[in-house]
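Chemist: Pasting in a structure now, in C-alpha cells, and then I'll have a few things to ask.
The values are calculated or read from the model by the stated rules, or taken from the named source; none is laboratory data. Nothing here was measured: the structure is a model prediction, and the numbers come from that model. In this analysis, Cβ positions are derived from the backbone assuming ideal geometry, glycine residues included, and neighbour counts consider all displayed protein chains.
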Amino acid sequence: MSEGEQNKGAQQRAEEFLQVFKKGAEFTQDLLKENERLRYQVLKLEKALPAGETGEVARLKGRIGELESEKLEILSQIKTIEQENQDYDNRYNEIEAENNLLANLYISSYQLHSTLDLTEIIRIIQEILLNLVGVEQFSIMLLDETQKTLRPLVVEGADPQHVSSVQVGEGVIGAVAQSGERRLLGPEESADVFADPIAVIPLVVGTDVIGVLNLYRLLQQKVNFTNIDEELFNLLGTHAATAIFTAMLHMERDSRPIFYDSFFARMAEDLI
Amino acid sequence: MDTFKVLVVEDSPTMRQLIVFALKRIRGLQIAEANDGVGGLKKLSAEKFDLILTDINMPIMDGLKLVSLIRNDPQYKDVPVVVITTEGAQEDRDRALALGANEYITKPIQTAKIIDVVKRLLAVSG
C-alpha cells in the first residue's frame, strides 16, 4: 500500500471515530437532558405527592376531631341526662315520702277530730301509735291542775301498776310537763322505761300543757324513730291534746253540743 | 287497661284508710273494704276479687282464719293474699305463709312496700 493510501485510510478511521465520538457525545447529552427532565419530574412529583397526602390527612384529622368533639358532646349530654334522671328519681322518692307523710298526718288528724267520744279518741291514738309509729306500750297522763300532778288516764299494752302519778317537775316525765319540751330516746337507751320512757310527748292546747304521752316499748320489728314518727309526735302533741280536751269539755257538758248554747248566748248578747 | 278488684280487710279505720290511700296510687284498682274476717268473707262471696289484703288481729274472725278459709275455697285458692300485721315474730310469718298467704308485711305501715307487693302480685306497672 502506498503512503497516500495509508493516509487516506487513517483519515477515514479518524472520521469514523469522530462520528462515533459525536454520536456518543450526543447520546450522553440526551441522557443528561433526560436525567435532568426526570429529576425535575421526580422533584415535581415529590412536591406534589406530599402536598396531596397532607391535605387528605389534614381533612381526615379534621373529621376525626369533629367526630371526637361530637362524641364528647353526646357523652356529656348522656351524662347530663343521667344526672337529670337521677335528680328526677331522687325528687320522685322525696315527693313519695312527702306524700306518705302528708297522708299519715291527714288521716291521723282526720281520725282524731272525727269524734267527741273520749274512749274513741283514746282508741284512735292507740291505732296511730301502733299502726303508724309501731308503739306497743304507752300511757296517756293528764294534768291535775289543782294538785300539779300528772295522773294516768290510760295504759296500753303494759301493766297499769307500772305507771303511777307523777308530780310536775318530778323526774323525766314531770320535767317534760313543766317545760313543754318533747324528749326522745332510742329504744335501747332507757334502763327503766316506766320512769324514763323512750319518748315523752307533751300534750299541748294553745300554750298550756294538759298532759303527756309516754311511749315505753316499740314493736320488735321497729328499730328506731323516723322523721315521719317525729312529725306524728308533733301532730299528736297538739291534735290529740285538743281532741282529748274537747272530748272532756263535751263530757262535762253531759254530751250536749257546746256550740248551740254558745252560739245562742252570743246571739242574745248581740241583740240586747 | 285491665282493672283489678282488691279487698282490704282491716279493723282499724286509720290503717284501712291508709292502705286504701296507698292502693289508690295504682291505676286500675277497684277497692272494697271490710272491718273483720266475717265482713271479708261476705264480700268475697258476693263478688270475685283479684287480691286480698288482710290484718291478723281482728275481732270476730282473725286474719289467719280468713286466709285458711280463702285457701279452701276453690274460687279463691289461687288468689294472692297479703297479710299486713303488727306481729313481727318469725313463727307468725311462717304460720301465715304456711296457711297460704303470699306475702307478709309488718306494721308500722310501709306504703311503698304495700304498693310494690300489690303491683308485683297483680303484675301491673302503673
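Chemist: Is it true that some residue in region B:100-122 is buried (at least 20 other Cβ atoms within 10 Å of the Cβ), of a type in the set (A, V, I, L, M) and part of a strand (DSSP E or B)?
Modeler: Checked region B:100-122: no residue is buried (at least 20 other Cβ atoms within 10 Å of the Cβ), of a type in the set (A, V, I, L, M) and part of a strand (DSSP E or B).
Chemist: Against the condition among the charged types (D, E, K, R), part of a loop (DSSP other than H, G, I, E, B) and either farther than 27 Å from A:Leu129 by Cβ or at pLDDT below 95 (or both), how does B:Glu91 come out, does it pass?
Modeler: In short, no.
Chemist: Which residue is nearest to the chain's Cα centre (by Cα), if the candidates are limited to region B:1-60 and must be more than 21 Å from B:Lys77 (Cβ to Cβ) and among the basic types (Lys, Arg)?
Modeler: The residue in question is B:Arg16.
Chemist: Mind checking which residues of region B:85-109 are more than 30 Å from B:Pro74 (Cβ to Cβ) and under 16 Å from the mean Cα position of the chain (by Cα)? Working first, answer last.
Modeler: Within region B:85-109, the subset more than 30 Å from B:Pro74 (Cβ to Cβ) is B:86, B:88-90, B:106-109.
Matches in region B:85-109: B:Thr86, B:Thr106, B:Lys107, B:Pro108, B:Ile109.
Chemist: Here is a follow-up. In this structure, does B:Ala89 turn out to be within 14 Å of chain A (Cβ to nearest Cβ) and among the small types (Gly, Ala, Ser)?
Modeler: On the way: within 14 Å of chain A (Cβ to nearest Cβ): yes; among the small types (Gly, Ala, Ser): yes.
Answer is yes for this residue.
Chemist: Sort through A:Val172, A:Val155 and tell me the only one that's more than 30 Å from B:Glu91 (Cα to Cα), over 30 Å from the mean Cα position of the chain (by Cα) and either in a helix (DSSP H, G or I) or at pLDDT 90 or above (or both). Can you show your working first?
Modeler: Working: A:Val155 fails: more than 30 Å from B:Glu91 (Cα to Cα).
Going through A:Val172, A:Val155 in turn, the sole match is A:Val172.
Chemist: Given the conditions (1) within 21 Å of A:Arg217 (Cβ to Cβ); (2) more than 14 Å from chain B (Cβ to nearest Cβ); (3) in a strand (DSSP E or B), which single one is not true for A:Glu136?
Modeler: Condition (2) is where A:Glu136 drops out.
Chemist: Considering only residues that are assigned to a strand (DSSP E or B) and without any contact (Cβ under 8 Å) to a residue 60 or more places away in the chain, look in region A:139-152 and name the one that is farthest from A:Gly186 (Cα to Cα).
Modeler: Our first condition is that a residue be assigned to a strand (DSSP E or B); within region A:139-152, this holds for A:139-144, A:149-152.
From what's left, without any contact (Cβ under 8 Å) to a residue 60 or more places away in the chain: A:144, A:149, A:151-152.
On the way: A:Asp144: 29, A:Thr149: 27, A:Arg151: 25, A:Pro152: 23 Å.
The selected residue is A:Asp144.
Chemist: If you don't mind, there's one more thing I want to ask. Looking at region A:175-188, can you tell me whether even one residue there is at pLDDT 90 or above and within 14 Å of another protein chain (Cβ to nearest Cβ)?
Modeler: no
Chemist: Starting from region A:109-122, take each residue that is at negative phi and away from chain B (no Cβ under 12 Å) and list its partners that are among the hydrophobic types (A, V, I, L, M, F, W, C) and outside any helix (DSSP H, G or I), counting only C-beta distances under 6 angstrom and pairs at least six apart or across chains.
Modeler: A:Ile122/A:Val154
Chemist: Here's another thing I want to ask about it. Residue under question is A:Tyr92, and the condition is that it be surrounded by 10 or more Cβ atoms within 10 Å (Cβ to Cβ) and within 30 Å of A:Asp254 (Cα to Cα); does it hold? Talk me through it step by step, then tell me what you get.
Modeler: Working: surrounded by 10 or more Cβ atoms within 10 Å (Cβ to Cβ): yes; within 30 Å of A:Asp254 (Cα to Cα): no.
No.
Chemist: Could we say that A:Asp192 is loosely packed, with under 15 Cβ neighbours inside 10 Å, of a type in the set (D, E, K, R) and either part of a loop (DSSP other than H, G, I, E, B) or more than 37 Å from the chain's Cα centre (by Cα) (or both) here? Outline the logic, then answer.
Modeler: Working: loosely packed, with under 15 Cβ neighbours inside 10 Å: yes; of a type in the set (D, E, K, R): yes; either part of a loop (DSSP other than H, G, I, E, B) or more than 37 Å from the chain's Cα centre (by Cα) (or both): yes.
Here the answer is yes, as A:Asp192 does meet what is asked.
Chemist: Pairs only if they're at least six apart or on different chains, beta carbon under 6 angstrom, first in region A:179-202 and without any contact (Cβ under 8 Å) to a residue 60 or more places away in the chain, second surrounded by fewer than 16 Cβ atoms within 10 Å (Cβ to Cβ) and of a type in the set (Asp, Glu); list them, first residue then second.
Modeler: Here the result reads none, with nothing in region A:179-202 linked to a residue that is surrounded by fewer than 16 Cβ atoms within 10 Å (Cβ to Cβ) and of a type in the set (Asp, Glu).
Chemist: Filter region A:140-152 for residues that are within 20 Å of A:His162 (Cα to Cα) and either touching a helix residue (DSSP H, G or I) at 6+ places or on another chain (Cβ under 8 Å) or of a type in the set (Asp, Glu) (or both); which is nearest to the other protein chains (Cβ to nearest Cβ)? Reasoning before the result, please.
Modeler: Of the residues in region A:140-152, the ones within 20 Å of A:His162 (Cα to Cα) are A:140-144, A:149-152.
Keeping just the survivors that are either touching a helix residue (DSSP H, G or I) at 6+ places or on another chain (Cβ under 8 Å) or of a type in the set (Asp, Glu) (or both) gives A:140-144, A:150, A:152.
On the way: A:Ile140: 17, A:Met141: 23, A:Leu142: 22, A:Leu143: 26, A:Asp144: 30, A:Leu150: 26, A:Pro152: 23 Å.
Restricting to residues being within 20 Å of A:His162 (Cα to Cα) and either touching a helix residue (DSSP H, G or I) at 6+ places or on another chain (Cβ under 8 Å) or of a type in the set (Asp, Glu) (or both), the top hit is A:Ile140.
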